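The block underneath contains the structure these notes are about, expressed in structure tokens.
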Amino acid sequence: MSNVPDQKRMKQDCENKRECLEILQLILDGEASTEQKNHFLKEHLEECMPCYKNYHLEVAIRELLKTKCTNHAPQDLVDDIRKKIIQNLAR
Amino acid sequence: MEEVIRQQYSEQEKQNIFNQEFMPHINSMYNFAYRLTLDADDAKDLLQDTYLKAYRFIDSFQQGTNAKAWLFRILKNSFINDYRKRSKEPSKVDYQEVETFYNSEDVDRQITPDLRVEALQDMIGDEISNALNSLDVDFRTVIILCDLEGFKYEEMAKILDIPIGTVRSRLHRARNLLKEKLSEYAKSMGYKTT
């Protein structure tokens, strides 16, 4: 995915947008078959502009989710839970 | 659910399992609790309840199986049983209805993303977090499990007690809804969406 395809030669419309979106989500979720991956990533993505854009959008959303939507447990809560369990064990 | 085989762990084994298999997931678990309850105090209580329950039922945990999925399932069930009822959120629409609605082709066509990567890159504040939090809890949950925690569909199906097909369709719907929210933000930030 590092080489940017020649945008002028790409299709500007995708006749299977819905199916393609589903397949690309399967790929990013690690749930796609080898055939799906080969076809979509090696062939389709290089020739289809809407899917190329969609792919990068999906990747960007996932990255944003990971960087912006993770809260760590407060340390005092973690300590408290440990303490309670140790008390339980001592019983 | 598959049959639960009860183990009989020694006190030392229990302690090892708790420290080595349960505690490493505490940040992910807290985040899940926080995103479900949308309240820091409720998240604390829910997390604490879940860990105490996990300890109490440790004999039904089988070593070598996925501890994270096991813990997430307990947390999700505790949330439904103890928190959802008294949640501050307004009463939920019937989500079966919501899912049927979002299954229709019309809606899919309507919300083909008009969102651009450049707009996302400028969302450096709480936009994405707010967008995620604004989704109905069932849609929010699948995004957290899949995109934040990296669970496989099969694991999600077990955590949520729903068929894999439902995991897939709910995830698809959830992502469309999230994109819809994000493109609203993009519009308000002055990005043109065509």
State yes or no: is B:L171 among the aliphatic types (A, V, I, L, M), under 15 Å from the mean Cα position of the chain (by Cα), buried (at least 19 other Cβ atoms within 10 Å of the Cβ) and more than 10 Å from chain A (Cβ to nearest Cβ)?
no
How many residues does the range B:40-70 contain that are away from every other protein chain (no Cβ under 12 Å) and either among the charged types (D, E, K, R) or part of a helix (DSSP H, G or I) (or both)?
7
In this structure, is B:Q20 surrounded by 16 or more Cβ atoms within 10 Å (Cβ to Cβ), over 18 Å from B:R73 (Cα atoms), not assigned by TED's automatic domain parsing to the domain that holds B:N130 and not small (G, A, S)?
no
Consider the range B:167-194. How many of its residues are touching a residue at least 40 places away in the same chain (Cβ under 8 Å) and within 20 Å of A:Q25 (Cα to Cα)?
11
Quick one: A:I27 ticks every box in (1) under 20 Å from the mean Cα position of the chain (by Cα); (2) away from every other protein chain (no Cβ under 11 Å); (3) loosely packed, with under 13 Cβ neighbours inside 10 Å except a single one, so which number is it?
(3)
Which one of these does A:K66 not meet: (1) closer than 26 Å to B:D114 by Cα; (2) at pLDDT below 90; (3) basic (K, R)?
(2)
Selection within the range A:38-90 - of a type in the set (A, V, I, L, M) and more than 7 Å from chain B (Cβ to nearest Cβ):
A:L41, A:L45, A:M49, A:V59, A:I86, A:A90
In the range A:45-57, what count of residues is obtained for those that are within 18 Å of the chain's Cα centre (by Cα) and either more than 21 Å from B:D126 (Cβ to Cβ) or in contact (Cβ under 8 Å) with a residue 60 or more places away in the chain (or both)?
8
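The values are calculated or read from the model by the stated rules, or taken from the named source; none is laboratory data. Because the structure is predicted, anything quoted here is derived from the model rather than measured. All Cβ positions, glycine included, derive from the backbone under ideal geometry; neighbour counts span all protein chains shown.
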